[in-house]
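**Student:** The structure's right below; bear with me while I get my questions together.
The values are calculated or read from the model by the stated rules, or taken from the named source; none is laboratory data. Keep in mind that what you see is a predicted model, and the values were worked out from it rather than measured. Glycine also receives a Cβ, built like all others from the backbone with ideal geometry; neighbour counts cover every protein chain displayed.
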Amino acid sequence: MNFVTYSHRYGLEIVNNMKEAQSKYNELCEVLRSIKEQELVNEFQKRKIAKKKGKSLARIINMLIKERLIEKGWESESYIFKNQQINKSTRDWRLDFVYPELFSVEVAFNHSSAATVNLMKPVLASELNHVEKQFQTKFGIVITATQELKTSGGFDGAIGTFEGYSLQCKPLMNQLSTPMIIIGLKKPEEFEIIHSSVKSGGTTGSVYMKKLDKVLINEFIGEDGEIIKLPERGI
């Protein structure tokens, strides 16, 4: 996937001048770039066959990022603090990913009202605190959707976006004391997720290829970009 970045408190500039930090940040960027549109379509189709909930690309992108960062040795779903009572008091004291001593990472596809909390969590993990921490980091990274991905990827209309997170950094300059990088994932070029109503109520998402039209259940995208139809029993 392609993406854009916003540097808060010179986060990107500082990272690019620290050899180890730059190496791990580049590793994260390569993980994001490695997510191909064909994968997004096919994983979305697999979820539909399995009748799993989800009408956007959010869960799929989360899953692919998680798999690939764990493979590279990043910690997943780590608590910020060592104190278990504090950790149990709210789900907010947990980070999506950590590379110890360097990065605290949040993948933020949730409601826009959670944006300030998502921005503050890397600060709590990086700054001195009266409560002993699980990991100490130096930089924060928030990965979120750009407005164009929010629209084309079938995301809920209430989620926070890259544009919104970037704007929040300005009035929170004094509070967000940790250098941070906001990453905004861009929309796919070849397809989009379209919502439609279902008889039972609510909405469902479908893949529409810009060149091939709608992709039906049991249809997948092959290596050459052609539609492959599988037997009705699924995969």
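**Student:** Say whether the condition of being crowded, with 20+ Cβ neighbours inside 10 Å, over 16 Å from the mean Cα position of the chain (by Cα), modelled with pLDDT under 95 and of a type in the set (S, T, N, Q) is met by at least one residue in region 44-56.
**Tutor:** There is at least one residue in region 44-56 that is crowded, with 20+ Cβ neighbours inside 10 Å, over 16 Å from the mean Cα position of the chain (by Cα), modelled with pLDDT under 95 and of a type in the set (S, T, N, Q).
**Student:** Looking only at region 88-111, filter to residues that are surrounded by fewer than 17 Cβ atoms within 10 Å (Cβ to Cβ) and either within 15 Å of Cys169 (Cα to Cα) or not small (Gly, Ala, Ser) (or both); which one of those is nearest to the chain's Cα centre (by Cα)? Write out each step before concluding.
**Tutor:** Quick first cut of region 88-111, residues surrounded by fewer than 17 Cβ atoms within 10 Å (Cβ to Cβ) only: 88-92, 94, 100-101, 111.
From what's left, either within 15 Å of Cys169 (Cα to Cα) or not small (Gly, Ala, Ser) (or both): 88, 90-92, 94, 100-101, 111.
Numbers: Lys88: 24, Thr90: 21, Arg91: 17, Asp92: 16, Arg94: 15, Pro100: 19, Glu101: 21, His111: 13 Å.
Of everything passing the filter in region 88-111, His111 is nearest to the chain's Cα centre (by Cα).
**Student:** Hey, does region 141-149 have a residue that's among the polar types (S, T, N, Q) and outside any helix (DSSP H, G or I)?
**Tutor:** yes
**Student:** Please pick out the residue among Leu119, Leu28 that is touching a Cys at 6+ places or on another chain (Cβ under 8 Å) and either of a type outside the set (Val, Ile, Thr) or without any contact (Cβ under 8 Å) to a residue 60 or more places away in the chain (or both).
**Tutor:** Leu119
**Student:** Anything in region 1-18 that is part of a loop (DSSP other than H, G, I, E, B) and either touching a residue at least 40 places away in the same chain (Cβ under 8 Å) or within 17 Å of Ala145 (Cα to Cα) (or both)? List them, or say none.
**Tutor:** Within region 1-18, Met1, Asn2, Arg9, Tyr10 qualify.
**Student:** Surrounded by 14 or more Cβ atoms within 10 Å (Cβ to Cβ), free of Cβ contacts under 8 Å to residues at least 24 places away in the same chain and closer than 18 Å to Ile183 by Cα: is that true of Ile60 in this structure?
**Tutor:** It is true that Ile60 is surrounded by 14 or more Cβ atoms within 10 Å (Cβ to Cβ), free of Cβ contacts under 8 Å to residues at least 24 places away in the same chain and closer than 18 Å to Ile183 by Cα.
**Student:** Also, I was wondering about something else. Does at least one position in region 16-34 carry a residue that is out of contact with any strand residue (DSSP E or B) (no Cβ under 9 Å at 6 or more places or on another chain), surrounded by fewer than 21 Cβ atoms within 10 Å (Cβ to Cβ) and under 21 Å from Ile193 (Cβ atoms)?
**Tutor:** Yes - at least one qualifying residue is present in region 16-34.
**Student:** Additional query: Which of the strands (runs of 3 or more DSSP E) found entirely inside region 154-228 contain at least 1 residues meeting this: closer than 30 Å to Tyr25 by Cβ and in contact (Cβ under 8 Å) with a residue 60 or more places away in the chain?
**Tutor:** Qualifying strands (runs of 3 or more DSSP E): 180-185, 191-197.
**Student:** Moving on to the next point. Within the bounds of region 140-148, is there any residue that is over 22 Å from Val15 (Cβ atoms) and either without any contact (Cβ under 8 Å) to a residue 40 or more places away in the chain or surrounded by fewer than 17 Cβ atoms within 10 Å (Cβ to Cβ) (or both)?
**Tutor:** Yes.
**Student:** Ser126 - would you say it is touching a residue at least 24 places away in the same chain (Cβ under 8 Å) and over 15 Å from the mean Cα position of the chain (by Cα)?
**Tutor:** Considered against the rule, which asks whether it is touching a residue at least 24 places away in the same chain (Cβ under 8 Å) and over 15 Å from the mean Cα position of the chain (by Cα), Ser126 comes out as yes.
**Student:** Need the failing condition index for Glu37 against (1) under 18 Å from Thr146 (Cβ atoms); (2) at pLDDT 95 or above, just the number.
**Tutor:** Just one mismatch for Glu37, condition (2).
**Student:** Please work out which one of (1) of a type outside the set (Ser, Thr, Tyr); (2) more than 13 Å from the chain's Cα centre (by Cα); (3) farther than 30 Å from Ile217 by Cα; (4) assigned to a helix (DSSP H, G or I) is the condition Asn118 fails and give its number.
**Tutor:** The single condition Asn118 does not satisfy is (2).
**Student:** Filter region 72-91 down to residues that are in contact with a Leu (Cβ under 9 Å, 6 or more places away or on another chain) and outside any loop (DSSP other than H, G, I, E, B) and give me whichever is modelled with the lowest pLDDT.
**Tutor:** Filtering region 72-91 for residues that are in contact with a Leu (Cβ under 9 Å, 6 or more places away or on another chain) and outside any loop (DSSP other than H, G, I, E, B), the one modelled with the lowest pLDDT comes out as Phe81.
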